[in-house]
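Peer 1: I have a structure I would like to understand better, so I am pasting it below and will then ask my questions one at a time.
The values are calculated or read from the model by the stated rules, or taken from the named source; none is laboratory data. Values in this document were obtained by computation on a predicted structure and should not be read as measured data. Because the Cβ atoms are built from the backbone with ideal geometry, glycine has one as well, and the counts that use them run over all protein chains shown.
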Amino acid sequence: MIDALMQASKSDGGLAALLDDAREYAQIYLLAKERKKGCEGTGELMTLREEFRDAIVKLTIYCREKGYSCDLNGDDFDAAAHALASDTIGR
């Protein structure tokens, strides 16, 4: 699914920008979560999680409007973050 979005983003600047934002927030969220192990309820981590969620929501809404398949808007933010972050590593 990420691969399809990556391909579509080559010809859609709006999608590319939203995908880059979501990937950046995913990386930041995962890094903070790793560094704050055992502190999942802290304010800083919750704020980062909310910022990542907002980026996912914006990406999902854009995808729906443009007819792209995007199933990142779920309750499993960690899986979405890993999917986006792992895609970044392969670039």
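Peer 1: In the range 4-32, which residue that is more than 17 Å from Glu50 (Cα to Cα) and in contact (Cβ under 8 Å) with a residue 60 or more places away in the chain is surrounded by the most Cβ atoms within 10 Å (Cβ to Cβ)?
Peer 2: Step by step, filter the range 4-32, then rank; the result is Leu5.
Peer 1: Would you please list the contacts, defined by Cβ atoms under 6 Å and residues six or more apart or on different chains, that run from a residue in the range 43-60 that is at negative phi and modelled with pLDDT of 85 or more to a residue that is charged (D, E, K, R) and buried (at least 16 other Cβ atoms within 10 Å of the Cβ)?
Peer 2: Ala55/Asp21
Peer 1: How many residues are part of a helix (DSSP H, G or I), within 16 Å of Gly67 (Cβ to Cβ) and more than 13 Å from the chain's Cα centre (by Cα) when one looks only at the range 1-31?
Peer 2: Here the count works out to 5.
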